[in-house]
Amino acid sequence: MERFFNILCKEIQKIEGSIVLIMDEHLAALYGNLWEDFIRHSGLPFVTLILPPGEGTKSRKTKEKIENELLKRGVGRDGCLIAFGGGVITDLVGFVAATYKRGMEYIAIPTTLIGMVDAAIGGKTAINTAFGKNTIGAFHLPRKIFIEEKFLDTLPLKERKGGFSEIVKYGLIWDKELFLELQKPTFVLSEIILRSKKIKEEIVGKDFQERGLRRILNFGHTIGHAIEASSRYKISHGAAVWFGLLVESTISNYLGYLKREFLGEIFNLLQSSMLSQKFSWNCKEKNLYEVMENDKKGKNSLPRFVLIDQIGRCASFDEEYCTIVKKEIVEEAIEFVVQRL
Ligand SMILES: NC(=O)c1ccc[n+]([C@@H]2O[C@H](COP(=O)([O-])OP(=O)(O)OC[C@H]3O[C@@H](n4cnc5c(N)ncnc54)[C@H](O)[C@@H]3O)[C@@H](O)[C@H]2O)c1
């Protein structure tokens, strides 16, 4: 940890304005003392804001609350926000930074596996509304991302498994070798984190504003986001994406893109991560397809899906990288997955 705080210190010494550290209550309980020591020793002018944990915090209400605090304390555009936490904190703080006084800098310090391999990378920031996940947001890259694996030591197992879903996603959409590596019980997590981060950066580097290719990062997420929203965020992002990957791989097979044998391999790997036993939510009761109508990839209110045609490759659909799928097919695929859990 000492090395991490030394590097961070060097970075924030360059900042002229106020430094605002934002984290949730869980992280404050775990790392508050460490931060207090760091702030004392750094001698820099810090403001600390602590928010309630959970997806509900990614809201307009909390965004406004943070903005009012910053305005009250006279924070200027020359300041910098530090987002210390999981995807909820980095998405929210990144979005505050994107619009506060027409844009200021932020540093992302992800503390969850999802944050390290996905949420903190690529500059997508957002909040949720009653109309769905991430419905209001901006593209705004952090000034710096610091990945310190040591923070994972305190991360509950359930949250680690959620991160695994996003890593499997990279294997499915981009990197077959990664998918094969994940099948080995001996894989080295630090290498996998680095590799995942590089894949995301490579894809985002080719299409920052998601005009085409970047959509492939949404594989598993059309279903996943609908499940999160319908469950009122009782189902975590990672678990919802885990289910979404199974359903969207099944759709890829139903529509003739993905061979059956590959579908079997995907089920084996995802089911080995043991999220399945906990996934007791009844998808049939909810009209998921209607929830998906607000999905950002949608066209004329019809949800569009990213599909894979091999492990490690997405179908191009004339470089749109997503396509409309009939409601019956989607529902059949959901039923197929539910029967196998
Ligand atoms: N912007 C993007 O590109 C992108 C990509 C993927 C996911 N996301 C978003 O990320 C969010 C999900 O992120 P998440 O899974 O990190 O959830 P999260 O931020 O809610 O964190 C999960 C839980 O773990 C706790 N926690 C975090 N770090 C901890 C640590 N080191 N030790 C102990 N507890 C810790 C948090 O307090 C929280 O209770 C969703 O809102 C999703 O939409 C965004």
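The values are calculated or read from the model by the stated rules, or taken from the named source; none is laboratory data. In this text, all values refer to a predicted model and were calculated from it rather than measured experimentally. Here the Cβ is made from the backbone with ideal geometry for all residues, glycine too, and neighbour counts use every protein chain on show. Quick note on the areas: whole protein, heavy atoms, side chains included, nothing else; ligands and nucleic acids left out. Shrake-Rupley method; radii C 1.70, N 1.55, O 1.52, S 1.80 Å.
General observations
- Projecting label points 7 angstrom from Cα along Cα→Cβ for E16 and K158 puts them 4.6 nm apart.
- Extended-chain gain in nm, criterion 0.36 nm per residue less alpha-carbon gap, T129 and N287: 55.0 nm
- Exposed loop sites were defined as GluC sites (Glu not before Pro) in DSSP loop states (anything but H, G, I, E or B) carrying at most 11 other C-beta atoms within 10 Å; in the chain the longest segment without such a site runs 17-318.
- With the Kirkwood sum run over all distinct C-alpha pairs, the stretch 1-52 has a hydrodynamic radius of 11.6 Å.
- Above-threshold pairs, the threshold being 23 Å between Cα atoms, out of K176/K200; K197/K326; K10/K169: K197/K326; K10/K169
- Element breakdown for the stretch 1-99 at a 1.4 angstrom probe: carbon and sulfur atoms account for 49% of the accessible area.
- Take every pair of alpha-carbon atoms less than 8 Å apart whose residues are at least six positions apart; their mean separation over the length of the chain yields a relative contact order of 14 percent.
- Placing +1 on the Cβ of every Lys and Arg and -1 on the Cβ of every Asp and Glu, with no other charges, gives the stretch 38-119 a dipole of roughly 340 debye about its Cα centre.
- Residue (of G224, N253, V325) at the positive-pole extreme of the stretch 212-341, dipole from beta-carbon charges: G224
- All Cα pairs of the stretch 180-238, percent lying beyond 15 Å: 65
- Considering only S165, S272, S249, the Gaussian network model of the chain with Cα springs below 10 Å gives its largest mean-square fluctuation to S272.
- Contact order for the stretch 183-341, expressed relative to its length and based on alpha carbon pairs under 8 Å spaced 6+ residues apart, stands at 25 percent.
- Measuring r between the beta carbons of E148 and E335 and using R0 = 51 Å, the FRET efficiency lands at 0.75.
- Accessible area per residue in Å² at 1.4 Å probe, computed on the stretch 47-99: 39
- Full-extension gain in nm, N68 to T48, via 0.36 nm per residue minus C-alpha separation: 5.8 nm
- When the Gaussian network model of the chain links Cα atoms closer than 10 Å, the mean-square fluctuations of N300, N268, N128 top out at N300.
- Angle between the chain longest axis and helix 60-72 axis [Cα atoms, degrees, rounded to 10]: 20
- Between I107, G79, L49, the Cα set farthest toward the positive side of the dipole of the stretch 24-117 (charges on each charged residue's Cβ, about the Cα centre) is that of G79.
- Given charges at beta-carbon only (K, R positive; D, E negative), |dipole| of the chain in Debye: 480
- Using a probe radius of 1.4 angstrom, the carbon and sulfur fraction of the accessible surface of the stretch 176-230 is 51%.
- Spacing of the two label points (7 Å from each Cα toward its C-beta) at S59 and R40, in nm: 3.6
- Equivalent ellipsoid dimensions for the chain as semi-axes, Å, which come from the Cα gyration tensor, largest first: 35, 21, 18
- Rg/Rg_globular for the stretch 1-129, with Rg_globular taken as 2.2 N^0.38 Å and Rg from C-alpha atoms: 0.98
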